[in-house]
Amino acid sequence: MIIKTACLLMVSIVLLACSPGDTGGLPPERPAGTISGQAVAAAISNAQVTVYGFVNGVRGTRLGGTVTDNRGAYAIDVRAPSQAILVEISGGDYVEEASGVSVALTEGQILHAVGYYQSGQPLTLMVTPLTHMAAALAEFKVGNGMAAAQAIAEAGTAVSEFFSLDVQTIRPAMITSANTAAIDLSAGLPEDS
């Protein structure tokens, strides 16, 4: 009789724990954050943009993807924990500035950028040959034992200081376009002392 009572009591407790309206202690859905920027080696249009986790200096889990517009711009809503990320651009095409010839990127021709995504917060990250250099340097630093967030920060700073501009956030301008005649091309550059 005691065993039957104990079993009945346990079943009652389990059923009460599963009552309607109980979330079961599940955490709320992660807030979305937008990762956006521009793919530029000249504006790369119709390129596949994929965001991955950047785990131990290598491409991790896919977090989202999209295709660039005709100006090379992209925006991806991501619901993920705070982490180092890798943005990869593949495919697409651009107009070579000197000749005006359209150039299609072939398989294996990719550009990378790395950054640190804070869950639910927006992140602007350009993807250019300069961010590709910073991503390679960050990968090297992580491979030599540095934490990913520190490696990303140091690599971005090193490449930015070498070129005297913030390579991860400055939107490159097409200086041969008539539309950029009014743009201040010195924006983001250090002032002369």
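The values are calculated or read from the model by the stated rules, or taken from the named source; none is laboratory data. Computed from a prediction, not measured in an experiment: that's the story for all the values here. In this analysis, Cβ positions are derived from the backbone assuming ideal geometry, glycine residues included, and neighbour counts consider all displayed protein chains. To get the accessible areas, we keep the full protein, side chains included, count just its heavy atoms, and leave off ligands, DNA and RNA. Shrake-Rupley method; radii C 1.70, N 1.55, O 1.52, S 1.80 Å.
Of note:
- Computed on the range 25-127, with alpha-carbon pairs under 8 angstrom and 6+ residues apart, the relative contact order is 35 percent.
- At 0.692 mPa s and 37 °C, Stokes D of the range 30-95 from Kirkwood alpha-carbon radius, µm² per second: 270 µm²/s
- GluC sites (Glu not before Pro) within the range 78-174, DSSP loop, no more than 15 other Cβ atoms inside 10 Å: Glu96, Glu97, Glu107
- Segment Ala136-Thr169, extension gain: residue separation times 0.36 nm, minus the distance between their alpha carbons: 10.1 nm
- For Met133, the accessible area of its heavy atoms, probed at 1.4 Å with every protein chain present, is near 90 square angstrom.
- Estimated at the nearest 10 Å², the accessible area of Asp166 is 70 Å² with a 1.4 Å probe.
- Ser160 sits with roughly 20 Å² accessible to a 1.4 Å probe, with DNA, RNA and ligands left out of the calculation.
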